[in-house]
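The values are calculated or read from the model by the stated rules, or taken from the named source; none is laboratory data. Everything numeric here is computed off the predicted structure, so don't read it as measured data. Glycine also receives a Cβ, built like all others from the backbone with ideal geometry; neighbour counts cover every protein chain displayed. Surface areas here come from the heavy atoms of the whole protein model, side chains and all, with no ligands, DNA or RNA. Shrake-Rupley method; radii C 1.70, N 1.55, O 1.52, S 1.80 Å.
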Amino acid sequence: MRRAWPWAVLVLAGLGTWHFALTLGIVSRAALAGPEEVLQSLPSVFSRGGNLDDVLSTLFKSGLAFLISVPCGVAVGFLVAFGGPMREPAGFVVDFLRSIPATALVPMFLIIYGTGDNSKVAVAVFSSGLVICLAAVSGFQSRNSTRLAVSQAMRLAGLRRVLLSDLPEALPQIFIGLRAGVSLSLILVVVSEMLIGSNRGLGRVIADMRNTDDKGRLYAAILVTGLIGYGYNWLLAKIEKTVVHWRGLA
Amino acid sequence: MTSGAGRSPVLISAVDIAKTRQLGKLRQRILDSITFHIGEGDRVSVVGPNGSGKTTLLRILLGVEPPDSGQVLPAAPFNSIRMAYVPQDYRNAFYPWLSVRRNLLLPFEVDGAGRALADLLQDYEQRSRAYRISVDLGKYPYQLSGGEQQVILLLRSLMSDPQILILDEPLSAVDQGRRPLIHADLLNTLNSAATSVLLATHDIAEAVLLADRVIVLDQASPRVRTVIDVPLGWPRSPEVRSRAAFGDLVARVSGELM
């Protein structure tokens, strides 16, 4: 049974610090809302008349972007890793593209896909897909030499080899990429919602609330993006534990 | 040093194999001028202390590790020789993402070989009963003990009826009480089939029991120290261990390893 009190201590200490930082004037009330205001604003972020549509829109876009980037990243990673002479140059291209801050590419995606949801999803797919791809490349390359010898002695080949040997062998590494990818998807969707003149999404809410000076709702929206990010990672960790059940054991 | 070819047609030859190994900053030559032939039905044991290059030699013969110089010459295209391999590192020999059952049957899925599933499972049941081992096939490999893992690997390799069986310390984690049961089954199999064997082991009695000749490697030199013929003949039963000639051979091999 997990003890409850260390959690309570931490939450109270956090809220206390927050509260006193404001009352003692260490942080200006013009910059930070108090915990009470944020908690009061939280229901309006989730209400139909409030920002529920924005929450769902951000969830949908980031989730969709991640789901598209997984097969793309893994497939390209596979091609690069088993690309023979093409492996090094192709790996360089992937690494270079990944090094471009994806936000710098937002204007390009805006021109290609317009100001709607498509451009935000595209930026997120680009960024998330590349980290997944890099993780997949290293996963497909880092093979256990004993298992390699055994599968060679078994003459495992073709699609059977990919599905039974290569892909599962790469899975632990791929999951590292998935964790990074899901966070990137959310980050880029929220950032592009703020940058591009969009009409929906938590990024837009955050930008709007700053302009209208509704700090309670501003910080409530930030809190919700944090909750979404945490939720994605939690879900992924659960899936990883089931799928890569042998990790650390074999 | 060359060890004589068997009387039977050669299945696979190692010719003038040399291999160095990187140990930190040091390059160490672990194999040099190694030449031998394995004929159809030839049984060859390789003994030697730790680090003498047994595992490397087996991996070179298997075609998974290239020699620095020299050649491995199979009689037929390499891929057409049915090989079964039990690696020393048994923990990494399984696909941990597949159940023990799936791991056990994998080589037969690959071959698409004619053996029916029921037939294979019966073979498995028979042998595992003989070894007095009972494994829950629904488990994952990492849930088995080391000895169980080794026995499953050996069982699988025997079930596949290979032309050549490459065994790298296949019973190192199996308890002493069970080894004679497995040796008996191995002899049984070798008595009735023309399977070739290349066995690396630290168990000198095992090396003599299962082989026609024993290649002795040592650590001081990367070359073959000596090759000892084992004229015990086939078919062979476990009782051969009680013959004076067997004791003499074990003593000779031990003497070479001193």
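Things to note:
- Residue count, the stretch A:205-250 (criterion: open to solvent by 60 Å² or more (accessible area, probe 1.4 Å) and of a type in the set (Asp, Glu)): 1
- Per-region count, the stretch B:132-161, residues within 13 Å of B:LEU186 (Cα to Cα) and crowded, with 20+ Cβ neighbours inside 10 Å: 7
- Screening the candidates B:ALA211, B:ALA194, B:ALA207 for the property of being small (Gly, Ala, Ser), crowded, with 19+ Cβ neighbours inside 10 Å, more than 14 Å from chain A (Cβ to nearest Cβ) and out of contact with any Lys or Arg (no Cβ under 7 Å at 6 or more places or on another chain) yields one hit, B:ALA207.
- Among the residues making up the stretch B:61-85, those that are more than 9 Å from every other protein chain (Cβ to nearest Cβ) and open to solvent by less than 30 Å² (accessible area, probe 1.4 Å) are B:LEU61, B:ILE81.
- Here is the figure for the stretch A:118-150: residues that are closer than 20 Å to B:GLU65 by Cβ, in contact (Cβ under 8 Å) with a residue 12 or more places away in the chain and within 14 Å of chain B (Cβ to nearest Cβ) total 4.
- Qualifying residue in the stretch A:153-174 (condition: acidic (Asp, Glu), within 14 Å of chain B (Cβ to nearest Cβ) and surrounded by fewer than 24 Cβ atoms within 10 Å (Cβ to Cβ)): yes
- Qualifying residue in the stretch B:230-238 (condition: closer than 19 Å to B:LEU167 by Cβ, open to solvent by 10 Å² or more (accessible area, probe 1.4 Å), assigned to a helix (DSSP H, G or I) and in contact (Cβ under 8 Å) with a residue 24 or more places away in the chain): yes
- Restricting attention to the stretch B:99-116, the residues being touching a Pro at 6+ places or on another chain (Cβ under 8 Å) and within 8 Å of another protein chain (Cβ to nearest Cβ) number 0.
- Beta carbons closer than 8 Å, at least 6 apart along the sequence or on distinct chains, pair a first residue in the stretch B:87-106 that is free of Cβ contacts under 8 Å to residues at least 60 places away in the same chain with a second that is of a type in the set (Asp, Glu) for B:VAL100/B:ASP136.
- Selection within the stretch A:44-88: residues that are open to solvent by 80 Å² or more (accessible area, probe 1.4 Å) and more than 27 Å from A:GLY116 (Cα to Cα). The member of this set that is modelled with the highest pLDDT is A:LEU79.
- Pick from the stretch A:206-236, criterion in contact (Cβ under 8 Å) with a residue 24 or more places away in the chain and closer than 21 Å to A:LEU178 by Cα, ranking: farthest from the other protein chains (Cβ to nearest Cβ): A:THR225
- Each residue in the stretch B:241-256 was checked for being buried (at least 16 other Cβ atoms within 10 Å of the Cβ) and either hydrophobic (A, V, I, L, M, F, W, C) or touching a Pro at 6+ places or on another chain (Cβ under 7 Å) (or both), and 4 of them qualify.
- Filter pass, B:ALA200 being surrounded by fewer than 20 Cβ atoms within 10 Å (Cβ to Cβ) and touching a residue at least 60 places away in the same chain (Cβ under 8 Å): no
- Of all positions in the stretch B:87-96, none carries a residue that is within 14 Å of another protein chain (Cβ to nearest Cβ) and at pLDDT below 90.
- Checklist (1) buried (at least 16 other Cβ atoms within 10 Å of the Cβ); (2) touching a Ser or Thr at 6+ places or on another chain (Cβ under 7 Å) applied to B:ARG225, failing item: (2)
- B:ASP119 being among the acidic types (Asp, Glu), open to solvent by 40 Å² or more (accessible area, probe 1.4 Å) and either free of Cβ contacts under 8 Å to residues at least 24 places away in the same chain or within 14 Å of another protein chain (Cβ to nearest Cβ) (or both): yes
- Qualifying residue in the stretch A:196-204 (condition: at pLDDT below 95 and surrounded by fewer than 17 Cβ atoms within 10 Å (Cβ to Cβ)): yes
- Hey, B:ALA173 touching a residue at least 60 places away in the same chain (Cβ under 8 Å) and closer than 20 Å to B:LEU62 by Cα or not: no
- Number of the exception - A:SER62 against (1) touching a Pro at 6+ places or on another chain (Cβ under 8 Å); (2) in a helix (DSSP H, G or I): (1)
- Top-ranked residue in the stretch B:139-170 [being in contact (Cβ under 8 Å) with a residue 60 or more places away in the chain and of a type in the set (A, V, I, L, M, F, W, C); ranked as farthest from B:LYS54 (Cα to Cα)]: B:LEU158
- Counted as qualifying within the stretch B:86-163 are the helices (runs of 4 or more DSSP H) with 1 or more residues that are farther than 24 Å from A:GLU169 by Cβ, namely B:117-130, B:146-159.
- Inter-residue pairs, beta-carbon under 7 Å, first over 19 Å from A:THR225 (Cβ atoms) and in the stretch A:28-56, second open to solvent by less than 80 Å² (accessible area, probe 1.4 Å), 6+ apart: A:ARG29/A:LEU22; A:GLY34/A:HIS19; A:GLY34/A:LEU22
- B:VAL100 being over 20 Å from the mean Cα position of the chain (by Cα), modelled with pLDDT under 85 and of a type in the set (A, V, I, L, M, F, W, C): no
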